[in-house]
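The values are calculated or read from the model by the stated rules, or taken from the named source; none is laboratory data. The structure presented is a predicted model; accordingly, all values stated were derived computationally and were not measured. Please note: Cβ atoms are built from the backbone with ideal geometry, for glycine as well, and neighbour counts cover all protein chains shown. Heads up: the accessible areas ignore ligands, DNA and RNA and are worked out on the full protein's heavy atoms, side chains in. Shrake-Rupley method; radii C 1.70, N 1.55, O 1.52, S 1.80 Å.
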Amino acid sequence: MDQETFNLSIRKFLKLVGVGSQREIEQAVQAALQQGKLAGHETLAAKVTLELPALGLKVPFDGEIKLK
């Protein structure tokens, strides 16, 4: 295994997840605000599950996103 290639690959994957997730969250919140489903002061529960099926890895991450 090439440690540098491995680390760069992980960073690339995490950047893809981070940027894509942020965009999706922003769009969903904006739509919910426009539809009146959110008032703009909520704290939203958030959950992400990291899976690597080939390794049997499945790890949940829980957090929150505050709008105000």
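Brief remarks on what is shown
- Compared with the dominant principal axis of the Cα atoms in the chain, helix 3-34 is inclined by about 10°.
- Note: the chain, Cα convex hull, 103 Å³ per residue.
- Per residue accessible area in Å² of the chain, where ligands, DNA and RNA are left out and the probe is 1.4 Å: 88
- Under 23 Å from LYS68, Cα to Cα: lysines that are on another chain or at least 8 residues apart: LYS37, LYS47
- The charge dipole of the chain, taken about its Cα centre with unit charges on the Cβ atoms of Lys, Arg (+1), Asp and Glu (-1) only, comes to about 160 debye.
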